[in-house]
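Chemist: Quick one: this structure, given as structure tokens, is what I'll be asking you about.
The values are calculated or read from the model by the stated rules, or taken from the named source; none is laboratory data. As the structure is a prediction and not an experimental result, all values here were calculated from the model. So basically every Cβ, Gly included, is an ideal-geometry build from the backbone, and we count neighbours across all protein chains shown. SASA here: full protein model, heavy atoms, side chains in, ligands and nucleic acids out. Shrake-Rupley method; radii C 1.70, N 1.55, O 1.52, S 1.80 Å.
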There are 2 protein chains.
Amino acid sequence: MPVDTAVSIPTLKNIATQLRIDSVKATSEAGSGHPTSCCSAAEIVATLFFSEMRFDPKNPQADQNDRFVLSKGHAAPVLYAAWAEVGFIKRESLLTLRELKSDLEGHPTPRLPFVDVATGSLGQGICAGLGIALNARRIGSDYRTYVLLGDGESAEGSVWESAEMGDHYALDNLCAITDMNALGQSRHTQLSHDGERLANRWRAFGWHAIVVDGHDIEALLKAYAEAKATKGKPTMIVAKTIKGKGISWVEGKDGWHGKAFKKGEELDKVLKELESQFVQAPEPPPIQRPAKAGSAPDLKPKAPGPIPAPDYKPTDSVATREAYGTALVKLGAIDPRIVVLDADVGNSTFSEKFEHKYPDRFYEAFIAEQVMVGAAMGLASRGAIPFPSTFAVFLSRAADFVRMIGISHLNVKFAGSHVGVSIGEDGPSQMGLEDIAMARAVPDCAVLYPADAVSTERLMALAAYHDGPAYIRTGRPKTPILYTANEEFTIGGSKVLRSSASDRVTVVGAGVTLFEALKAYDTLKAEGIAIRVIDLYSLQPVDVATLRKAGQETGAIITVEDHYPAGGIGDAVATAVESVPVPLHRMAVREIPRSGKPEELIDHYGISASHIADEVRRVIAAKK
Amino acid sequence: MPVDTAVSIPTLKNIATQLRIDSVKATSEAGSGHPTSCCSAAEIVATLFFSEMRFDPKNPQADQNDRFVLSKGHAAPVLYAAWAEVGFIKRESLLTLRELKSDLEGHPTPRLPFVDVATGSLGQGICAGLGIALNARRIGSDYRTYVLLGDGESAEGSVWESAEMGDHYALDNLCAITDMNALGQSRHTQLSHDGERLANRWRAFGWHAIVVDGHDIEALLKAYAEAKATKGKPTMIVAKTIKGKGISWVEGKDGWHGKAFKKGEELDKVLKELESQFVQAPEPPPIQRPAKAGSAPDLKPKAPGPIPAPDYKPTDSVATREAYGTALVKLGAIDPRIVVLDADVGNSTFSEKFEHKYPDRFYEAFIAEQVMVGAAMGLASRGAIPFPSTFAVFLSRAADFVRMIGISHLNVKFAGSHVGVSIGEDGPSQMGLEDIAMARAVPDCAVLYPADAVSTERLMALAAYHDGPAYIRTGRPKTPILYTANEEFTIGGSKVLRSSASDRVTVVGAGVTLFEALKAYDTLKAEGIAIRVIDLYSLQPVDVATLRKAGQETGAIITVEDHYPAGGIGDAVATAVESVPVPLHRMAVREIPRSGKPEELIDHYGISASHIADEVRRVIAAKK
């Protein structure tokens, strides 16, 4: 059966050879990189870019383009070579690979317009690709998503989470290809070249799976066609390849992972062999024809917002996690880009409010936090504003994804509920006590920790339209309403809730500890001791001016947090006042906590009102 | 075919009923918990504890006992009920569930002698169970390991990582059971009751898999026997169950996850129905007979150490990651408990040195960091001292496991190489810039960051015998030798490398930045500016006394680190000097870095010697 391709097989073969040559040259010039991992993928990339995918070669970000994710990010040079072949970047620029001045980094990042998500941490690109495929449904486009994985990479559990979610959403617009070159970094992969075993795993997870020779161009084209014809499920093409293919003396050899060929004799020998592989072809390598995919509706609202004002009575008592759900629904109403994901705890995070209202924009990842955050990554890369939601502590399951979202500077707004010892009886495994540290370790990530329902709603709107990632920390227990509906909040702001000219210490709290601080204020006031109380609802960026002023005016700061000391509120405040400096006293959970009632635990671990009052008295006494 | 059991089927049935009653009572008394998730597992737990497993009921920690891991940790009450039935804890104590004073926490922790690893973060217990099964081989014992999972839990990618590793190590001493009750927290699980689909996934991963009715005691016993008879591969028993089994009006009903029955009428009704399920039995419920497993050799060395002194010339230049490999081999020689794991980067972390010398104590997890750390968790729980090793940044893939290791207070010594921008051309996806924050967020975790090969070897020995978890941060580039072989180091110590009475600023570095600080010292000395330089090789605990003294004597501290500011060296120092206080100036990587040459990047991101010298001059000028 002839294969339907506008470009002849010999030409595709020549393109593959050119991709090999460019990958080898670039890595040799850089003195490092993964040429052999590029060589195994050359036919796969050549056929995708020059026969299978529909895209505008001049506009890689066009909404209706088919998408390509290089999940095996260490093969970056072959991706860059493909875009040089397409004509989007200059071939000479390939030789700037891995230089500080160049956007052609060791692993792809979205500094390049043809990269949607940064890859290089294995097993993430496939999750992002899944999110990109979900996005096609969201915007009503028939673009297809192609993801290239490594076989070593397929050991990552996140890959199998993507398998489950691809099955659940029956994503027949998603086609993944495994470059099964049988060699990892340090040894043969577990499955080596047993393509059927790998394919059977994907079949067991509900995917259509095809095993082909990954250097056979016709076989690859047929497999893509079969994938496109397969309805109701995604397809995995297991492409059996040879690492270092085309360079006879390294083909399939262990010990050549991540090694560039030495310039001079070694490189010359490699290039000579590769150049000898060009064949006669009927036409010169083409520039990719423009995309023929249908246009996608423009879902960007002209002016999204403002969201309706919070609607609470001063006497209400509402958990911030519940206000989070309310805010999601309000945001969803004004902006079609808002989407929500959860990991089977939607009835605890209150993301279920959004699911009930906007089921088409809600994605259930079941108990698989990596693909939840990874799919959010992909959705965000294509214009959605995703809120992946789970218990704060289980976001740590996706810590490496959160990190890569930072590298990609994506608009992912992750939300963690059930923080600290104030969750109570479930015990330490369920208590988020290091989530602030994780979020603050992402540069440019806004870290927001509202104490009441009003500030939750207001901060959610700010998070949604913050440029880049944001983290929203919500709590389990009900808390009183602190603010009126029209109170204004800013990312990087804070609220001075108690203040006088005679304040002798500043107490900084957030979330549940803010209410403890307010109780301590009342106790101390009755004793004639005035303290300043600050709601530090923005932990990154932090309100340097207010904290410095408070520190200087009152002479000491006490921070109190339902979190471990490392990386938390105390550290954020320390950074703000470090050069002043102001004596700082941190109250935090300092050991592994136990199960117990919330109020018991808050007291037992030393962050209750009575402990705060004691600490204030101690600090004042020490000042004398 | 009659089933071979010392305890009759009716008695096992009655035990299951008793486990249900105890689980329901305990959760109702606590006012929270997961009775319905206990009820689905009652027959599984009854048959394991009273027919299948061999263990000493008076000594749950005996080396030769069969092991049980409750991976679905939220079913803790049924585990506690089983140990009450065994006679190890008093039945009355079950009613202290989830109280602050009680060790019967909401999810199991090793505060209880019959719990090896804390569970409650799903998908981890099976990885730990795998490590426990590996440990049986290490100590030459024929104990078997049983792990009870939930079906919702099986969505976690880490579960499939354990499937791969169980296959790779052909662990026929491992038997897992999935309590397939078809209901998650918020909805039906993805596979609902399709046991064959789940079993086929395990088969595709190389396991023997059996589907049974999880309430059919004979079927369970036969499945255990089949598992035991299956050689060369682990077994998964998919036990189809009913959530809430035994309580007719909640059986299989959505909306009953994690809800205790209300004391009074509701509870009475439940207990009445359960009590009606007792049957006539030939004997009273037995106390488990003693273990019949063979004894295990005592591998604890009488006095492990000291390890041979480091052997470097003062002119050597050695990467700390390489010294890490050397230290592993030395430790392995003196202590059979030392084991090493890697995730396919052993030729970069240098753990391969250990693998070559002690292949039987080296475990390859391929590119699956969660099961690498999870298996280490299990190994440590049974007396091994495991060093899971990978790039620092990829430890973040296992951040949630690291957290749970902290809760279990296990002797896992995780090691991260390739930290910071000093790795160079590979780019940000490969740079550990938040690993110190992750490690410092584990209370009691020693966080060690050696700058040279000598201190690496010395700190490795300290880490190995530190009580609890430890993190060792190593670097990619070669660095000079700083210390003589007999230099002494302590966890919580530091080294003042440059000091005089006229020091005007203290510069604190560690790893590569220490050498930048020493270069800055030379530059500034030539200008007549004296600075103190401290090697802060222990980041947790931190040397409070030395830092305070230096801060007070020199009037200012500058910290410089190849890490983001959040949670890193600056934060550690800030904590040490917060109450003094001393002006603190943090130099750190403050944005997402790019690819480039190591020395270029160190300078570009502001942590090089020249930047340090500039900062010193600036701080001195500002003091005037």
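Chemist: When you look at B:Val7, is it under 25 Å from B:Asp151 (Cα atoms) and either of a type in the set (Val, Ile, Thr) or open to solvent by 10 Å² or more (accessible area, probe 1.4 Å) (or both), yes or no?
Modeler: Taking the combined requirement at face value, the residue does not satisfy it.
Chemist: For A:Glu561, indicate whether it is at pLDDT below 95, among the acidic types (Asp, Glu) and under 32 Å from the mean Cα position of the chain (by Cα).
Modeler: For A:Glu561, the condition - at pLDDT below 95, among the acidic types (Asp, Glu) and under 32 Å from the mean Cα position of the chain (by Cα) - is not met.
Chemist: Only one of these conditions is not met by A:Val329: (1) more than 20 Å from A:Leu459 (Cα to Cα); (2) surrounded by fewer than 24 Cβ atoms within 10 Å (Cβ to Cβ). Which number is it?
Modeler: In the conditions (1) more than 20 Å from A:Leu459 (Cα to Cα); (2) surrounded by fewer than 24 Cβ atoms within 10 Å (Cβ to Cβ), A:Val329 misses (1) alone.
Chemist: What are the residues in the range B:146-192 that are polar (S, T, N, Q), facing chain A (nearest Cβ under 8 Å) and not in a helix (DSSP H, G or I), if any?
Modeler: Matches in the range B:146-192: B:Gln185, B:Ser186, B:Thr189, B:Gln190.
Chemist: A:Met431 versus (1) at positive phi; (2) crowded, with 24+ Cβ neighbours inside 10 Å: which is the lone unmet condition?
Modeler: (1)
Chemist: Have a look at A:Arg504, A:Arg498, A:Arg548 and point out the one that is of a type in the set (Lys, Arg), out of contact with any Pro (no Cβ under 7 Å at 6 or more places or on another chain) and over 22 Å from A:His611 (Cα atoms).
Modeler: That would be A:Arg548, the only listed residue that is of a type in the set (Lys, Arg), out of contact with any Pro (no Cβ under 7 Å at 6 or more places or on another chain) and over 22 Å from A:His611 (Cα atoms).
Chemist: Right, here's the next one. Identify, please: which residue in the range B:20-76 is assigned to a loop (DSSP other than H, G, I, E, B), within 14 Å of another protein chain (Cβ to nearest Cβ) and surrounded by fewer than 24 Cβ atoms within 10 Å (Cβ to Cβ) and is, among those, nearest to the chain's Cα centre (by Cα)?
Modeler: Ranking the candidates gives B:Ser32 first.
Chemist: Hey, could you check the range A:528-542 for residues that are touching a Lys or Arg at 6+ places or on another chain (Cβ under 8 Å) and assigned to a loop (DSSP other than H, G, I, E, B) and say which is surrounded by the most Cβ atoms within 10 Å (Cβ to Cβ)?
Modeler: A:Tyr537
Chemist: Here's a follow-up. Return the total of residues in the range B:551-599 being touching an Asp or Glu at 6+ places or on another chain (Cβ under 8 Å), free of Cβ contacts under 8 Å to residues at least 60 places away in the same chain and open to solvent by less than 10 Å² (accessible area, probe 1.4 Å).
Modeler: Residues in the range B:551-599 being touching an Asp or Glu at 6+ places or on another chain (Cβ under 8 Å), free of Cβ contacts under 8 Å to residues at least 60 places away in the same chain and open to solvent by less than 10 Å² (accessible area, probe 1.4 Å): 7 in total.
Chemist: For the range B:475-522, which positions are under 25 Å from B:Asp435 (Cβ atoms) and aromatic (Phe, Trp, Tyr)?
Modeler: B:Tyr483, B:Phe489, B:Phe515
Chemist: A further question follows. Determine whether A:Leu198 is under 18 Å from A:Ser71 (Cβ atoms), in contact (Cβ under 8 Å) with a residue 24 or more places away in the chain and in contact with a Pro (Cβ under 9 Å, 6 or more places away or on another chain).
Modeler: No: the conditions fail for A:Leu198.
Chemist: Restricting to the range A:217-272, name every residue that is assigned to a helix (DSSP H, G or I) and among the small types (Gly, Ala, Ser).
Modeler: Those that are assigned to a helix (DSSP H, G or I) and among the small types (Gly, Ala, Ser): A:Ala219, A:Ala223, A:Ala225, A:Ala227, A:Ala229.
Chemist: Here's something else I'd like to know. Checking the structure you have, find out if any residue of the range A:371-393 is open to solvent by 10 Å² or more (accessible area, probe 1.4 Å), closer than 23 Å to A:Ser348 by Cα and within 14 Å of chain B (Cβ to nearest Cβ).
Modeler: yes
Chemist: Inspect all residues belonging to the range B:249-260 and state whether any of them is more than 11 Å from chain A (Cβ to nearest Cβ) and closer than 20 Å to B:Asp172 by Cβ.
Modeler: no
Chemist: OK, next. Quick check, is A:Ile436 surrounded by 19 or more Cβ atoms within 10 Å (Cβ to Cβ), over 15 Å from A:Asp562 (Cα atoms), hydrophobic (A, V, I, L, M, F, W, C) and at pLDDT 95 or above?
Modeler: The answer is no for A:Ile436.
Chemist: Is it the case that the range A:469-484 has a residue that's within 21 Å of A:Val544 (Cβ to Cβ) and open to solvent by 10 Å² or more (accessible area, probe 1.4 Å)?
Modeler: no
Chemist: Further question on the same structure: Just the residues that are within 21 Å of A:Thr36 (Cα to Cα), open to solvent by 20 Å² or more (accessible area, probe 1.4 Å) and away from chain B (no Cβ under 11 Å), please, taken from the range A:93-134.
Modeler: A:Ser93, A:Leu95
Chemist: Looking only at the range A:572-624, which residues are at pLDDT below 95 and of a type in the set (Val, Ile, Thr)?
Modeler: Selection gives A:Thr575, A:Val577, A:Val580, A:Val582.
Chemist: Determine whether B:Arg548 is surrounded by fewer than 24 Cβ atoms within 10 Å (Cβ to Cβ), at pLDDT 95 or above and under 25 Å from A:Ala446 (Cβ atoms).
Modeler: For B:Arg548, the condition - surrounded by fewer than 24 Cβ atoms within 10 Å (Cβ to Cβ), at pLDDT 95 or above and under 25 Å from A:Ala446 (Cβ atoms) - is not met.
Chemist: Taking the condition of being among the basic types (Lys, Arg) and open to solvent by less than 10 Å² (accessible area, probe 1.4 Å), how many residues in the range A:394-407 meet it?
Modeler: Qualifying residue count for the region: 1.
Chemist: I need every pair where a residue in the range B:458-470 that is assigned to a helix (DSSP H, G or I) has its Cβ under 9 Å from the Cβ of a residue that is at pLDDT 95 or above and open to solvent by 60 Å² or more (accessible area, probe 1.4 Å), sequence separation at least 6 or different chains.
Modeler: B:Arg458/B:Glu488; B:Leu462/B:Thr490
Chemist: Just to verify a result, which residue in the range A:435-457, among those that are in a loop (DSSP other than H, G, I, E, B) and hydrophobic (A, V, I, L, M, F, W, C), is farthest from the other protein chains (Cβ to nearest Cβ)?
Modeler: A:Ala451
Chemist: Under the condition of being surrounded by 24 or more Cβ atoms within 10 Å (Cβ to Cβ) and among the β-branched types (Val, Ile, Thr), which residue from the range A:339-370 is farthest from the other protein chains (Cβ to nearest Cβ)?
Modeler: A:Val339
Chemist: When the residues of the range A:485-522 are filtered to those that are open to solvent by 60 Å² or more (accessible area, probe 1.4 Å) and of a type in the set (Val, Ile, Thr), which remaining residue is farthest from A:Glu457 (Cα to Cα)?
Modeler: A:Val496
Chemist: Select, from B:Gly424, B:Gly468, B:Gly432, the only residue that is in contact with a Cys (Cβ under 9 Å, 6 or more places away or on another chain), within 14 Å of another protein chain (Cβ to nearest Cβ) and of a type in the set (Gly, Ala, Ser).
Modeler: Testing whether each residue is in contact with a Cys (Cβ under 9 Å, 6 or more places away or on another chain), within 14 Å of another protein chain (Cβ to nearest Cβ) and of a type in the set (Gly, Ala, Ser) leaves just B:Gly468.
Chemist: Restricting attention to the range A:205-223, does a residue exist that is facing chain B (nearest Cβ under 9 Å), out of contact with any Lys or Arg (no Cβ under 9 Å at 6 or more places or on another chain) and either open to solvent by 10 Å² or more (accessible area, probe 1.4 Å) or of a type in the set (A, V, I, L, M) (or both)?
Modeler: no
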